[in-house]
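Novice: Could you have a look at this structure, given as structure tokens, before my questions?
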Amino acid sequence: MQHRIIVLGAGYTGAIAAGRLAKRLRREDVAITVVNAEPDFVERVRLHQLAAGQELKPRPLREMFAGTGVELKVARVTGVDVDRRTVTVAAAGGTAELRYDTLVYALGSGWNAQGVPGTAEHAYEVASRPGALRLRERLARLHAGQTVTVVGGGLTGLEAATEFAEARPDLRVALAVRGGLGDWLAAKGRDHLRKVVAKLGITAYEHAAVTGVEADRVVTADGRAVAADVTVWTTGFAVHPIAAATTLDTTATGQIAVDATMRSVSHPDVYAVGDAAHAIGPEGRPLRMSCASGTPMAWQAADAIAARLTGGKLPNVPIRYFNQCISLGRKEGLIQFVTADDQAKPSALTGRFAAAYKELVCKGAAWGVANPTLGMPTRRRPVLRDAAAAHQVARAA
Ligand SMILES: Cc1cc2nc3c(=O)[nH]c(=O)nc-3n(C[C@H](O)[C@H](O)[C@H](O)COP(=O)(O)OP(=O)(O)OC[C@H]3O[C@@H](n4cnc5c(N)ncnc54)[C@H](O)[C@@H]3O)c2cc1C
């Protein structure tokens, strides 16, 4: 009997986990199925570029998994029953129920409107490909002098505002941020950010918590109104409600609570990686939703599953941060070096060199999805029947 592994989601982390498991385990021992809503791998870190009118390289998942033994099922996951160990999916041909022995949950996240009135009706987003394409089409219809207001001064908001301002110098671009502009960066990075924002003609509204979105403006908690022919909402990500609807131990935000091997703390045959998982990193802080930590989470999960099935050594690689890589348009960038727990250090790279560095990081992230074997031997190990049995016992316990 093959051990059935189902991976939900083929974004950065699901695709890496599936590919790495396929490299670690023998085909006669395991059946690996990946379920993803779209037939292509989406380079989510470039969705602001897509919205700004750039073309992204198509990356069909079928080509990516060709020859690996991983089976791709293009379908939407509609439910998971972790007690019966089944997943319900909906595809063009109807719904189906899939059974698993081990589940890797990697459904990522979407935009987080945070319940602010008017967002659903009026705001655009760049957290999903359909959202970015809708925004792209809307931006293309804007006339010179019209205003795009980006709400949110985190990494995504900064990247989006600068990308739009660079691509469309004829538009007015505004950025509404809750605190000070780049206030988590160290002085060098913050100064550079301010310089680039000014150079691109972006109007920054600081200490501007947006409490309402209307058709042509946003309003702030302190009563200011900021013009917005188009509002782009980037105030963080929210996970899909599927996990929270199960008996899995999840956080208040719906992320699956996992241990250091990315295994659910409540259901030992379920692993969660990427944005969907709540894992604790250095200094006891939760890992942030990012590729930067999602990629090592996926390696860790795949290696732990393989180790438990083959009787190998469990991975014990602490997941830490090194830098925050921020594109500021195509010609400018900012690499903020950080501590293991993601706090800004004084040093930063800026300018064209930083832009090139960030481009390399994005290329590397996509390359890593197609080549998920970094740092591991390519010899596939047999699944030990007693290890599989131990896995079942652990699940039942
Ligand atoms: C514009 C932008 C820029 C970013 N820049 C950076 C950056 O510079 N550095 C960084 O570290 N992070 C960055 N991020 C964050 C990063 O993209 C995410 O943290 C990362 O994609 C998370 O990976 P994931 O595998 O968990 O989820 P995703 O990459 O979102 O993958 C989830 C997958 O699940 C599929 N899926 C979702 N729901 C269903 C369903 N019901 N059924 C079937 N399939 C489903 C999706 O189609 C997708 O393929 C950025 C994000 C955005 C939006």
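The values are calculated or read from the model by the stated rules, or taken from the named source; none is laboratory data. These numbers come from a predicted model, not from an experiment. Note that each Cβ is placed from the backbone with ideal geometry, even for glycine, and that neighbours are counted across all protein chains shown.
Novice: Within segment 296-325, how many residues are on the phi < 0 side of the Ramachandran plot, in contact (Cβ under 8 Å) with a residue 60 or more places away in the chain and either more than 8 Å from the ligand (Cβ to nearest atom) or of a type in the set (Gly, Ala, Ser) (or both)? I'd like the intermediate steps shown before the answer.
Specialist: Within segment 296-325, the first condition is being on the phi < 0 side of the Ramachandran plot, and the residues that meet it are 296-310, 312-325.
Narrowing the set further to residues that are in contact (Cβ under 8 Å) with a residue 60 or more places away in the chain leaves 297-299, 301-303, 305-306, 308-310, 312, 324.
Those still in the list that are either more than 8 Å from the ligand (Cβ to nearest atom) or of a type in the set (Gly, Ala, Ser) (or both) too: 297-299, 301-303, 305-306, 308-310, 312.
Within segment 296-325, residues that are on the phi < 0 side of the Ramachandran plot, in contact (Cβ under 8 Å) with a residue 60 or more places away in the chain and either more than 8 Å from the ligand (Cβ to nearest atom) or of a type in the set (Gly, Ala, Ser) (or both) number 12.
Novice: Exactly one condition in (1) aliphatic (A, V, I, L, M); (2) more than 13 Å from the ligand (Cβ to nearest atom); (3) assigned to a loop (DSSP other than H, G, I, E, B) is false for Leu107; which is it?
Specialist: If we test Leu107 against (1) aliphatic (A, V, I, L, M); (2) more than 13 Å from the ligand (Cβ to nearest atom); (3) assigned to a loop (DSSP other than H, G, I, E, B), just (2) comes out false.
Novice: Take the conditions surrounded by fewer than 14 Cβ atoms within 10 Å (Cβ to Cβ) and among the acidic types (Asp, Glu) and apply them to Glu163. Does it pass?
Specialist: Working: surrounded by fewer than 14 Cβ atoms within 10 Å (Cβ to Cβ): no; among the acidic types (Asp, Glu): yes.
Against the criterion (surrounded by fewer than 14 Cβ atoms within 10 Å (Cβ to Cβ) and among the acidic types (Asp, Glu)), Glu163 does not qualify.
Novice: Among the listed residues Asp269, Asp275, Asp222, Asp229, which satisfies the condition of being within 16 Å of the ligand (Cβ to nearest atom) and either under 26 Å from Ala90 (Cα atoms) or outside the structural domain of Arg84 (by TED's automatic domain parsing) (or both)? Give the steps one after another, and end with the answer.
Specialist: Details: Asp269 fails: within 16 Å of the ligand (Cβ to nearest atom); Asp222 fails: within 16 Å of the ligand (Cβ to nearest atom); Asp229 fails: within 16 Å of the ligand (Cβ to nearest atom).
Of Asp269, Asp275, Asp222, Asp229, the one residue that is within 16 Å of the ligand (Cβ to nearest atom) and either under 26 Å from Ala90 (Cα atoms) or outside the structural domain of Arg84 (by TED's automatic domain parsing) (or both) is Asp275.
Table: residues versus (1) away from the ligand (no atom under 14 Å from the Cβ); (2) within 13 Å of Asn371 (Cα to Cα); (3) in contact (Cβ under 8 Å) with a residue 60 or more places away in the chain; (4) of a type in the set (A, V, I, L, M, F, W, C).
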{"position": "Arg4", "(1), (2), (3), (4)": "yes, no, yes, no"}
{"position": "Leu8", "(1), (2), (3), (4)": "no, no, yes, yes"}
{"position": "Gly11", "(1), (2), (3), (4)": "no, no, yes, no"}
{"position": "Gly19", "(1), (2), (3), (4)": "no, yes, yes, no"}
{"position": "Lys23", "(1), (2), (3), (4)": "yes, yes, yes, no"}
{"position": "His48", "(1), (2), (3), (4)": "no, no, yes, no"}
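Novice: In addition: Go through segment 26-45 residue by residue and tally those that are among the aliphatic types (A, V, I, L, M), over 17 Å from Ala370 (Cα atoms) and not in a strand (DSSP E or B).
Specialist: The initial filter retains those residues of segment 26-45 that are among the aliphatic types (A, V, I, L, M), namely 30-32, 34-35, 37, 42, 45.
Still in the list and also over 17 Å from Ala370 (Cα atoms): 30-31, 37.
From what's left, not in a strand (DSSP E or B): 37.
Within segment 26-45, residues that are among the aliphatic types (A, V, I, L, M), over 17 Å from Ala370 (Cα atoms) and not in a strand (DSSP E or B) number 1.
Novice: List pairs: first residue in segment 59-83 and over 15 Å from Val104 (Cα atoms), second residue away from the ligand (no atom under 15 Å from the Cβ) and among the aliphatic types (A, V, I, L, M) anywhere in the structure, Cβ distance under 7 angstrom, at least six positions apart or on different chains.
Specialist: Hits for this filter: Thr68/Ala22; Gly69/Ala22; Gly69/Ile32.
Novice: While we're here: Is it true that some residue in segment 88-98 is touching a Lys or Arg at 6+ places or on another chain (Cβ under 8 Å), among the hydrophobic types (A, V, I, L, M, F, W, C), at pLDDT 95 or above and surrounded by fewer than 17 Cβ atoms within 10 Å (Cβ to Cβ)?
Specialist: yes
Novice: Does at least one position in segment 168-188 carry a residue that is modelled with pLDDT under 95 and either part of a loop (DSSP other than H, G, I, E, B) or assigned by TED's automatic domain parsing to the domain that holds Arg308 (or both)?
Specialist: Initial filter on segment 168-188 (modelled with pLDDT under 95): none.
No, segment 168-188 has no match at all.
Novice: Moving on to the next point. If you take the residues of segment 1-19 that are buried (at least 24 other Cβ atoms within 10 Å of the Cβ) and not small (Gly, Ala, Ser), which of them is farthest from the chain's Cα centre (by Cα)?
Specialist: Within segment 1-19, the first condition is being buried (at least 24 other Cβ atoms within 10 Å of the Cβ), and the residues that meet it are 5-19.
Remaining after also requiring not small (Gly, Ala, Ser): 5-8, 12-13, 16.
Values: Ile5: 22, Ile6: 19, Val7: 16, Leu8: 14, Tyr12: 7, Thr13: 8, Ile16: 13 Å.
Selected residue: Ile5.
Novice: Contact list please: Cβ distance under 8 Å, first residue in segment 246-262 and touching a residue at least 40 places away in the same chain (Cβ under 8 Å), second residue acidic (Asp, Glu) and surrounded by fewer than 19 Cβ atoms within 10 Å (Cβ to Cβ), pairs at least six apart or on different chains.
Specialist: Matching pairs, first to second residue: Thr246/Asp81; Thr247/Asp83; Ile256/Asp249.
Novice: State all residues of segment 263-289 that are buried (at least 18 other Cβ atoms within 10 Å of the Cβ) and either free of Cβ contacts under 8 Å to residues at least 12 places away in the same chain or of a type in the set (Ser, Thr, Tyr) (or both); if no residue qualifies, say none.
Specialist: Hits for segment 263-289 are Ser264, Tyr271.
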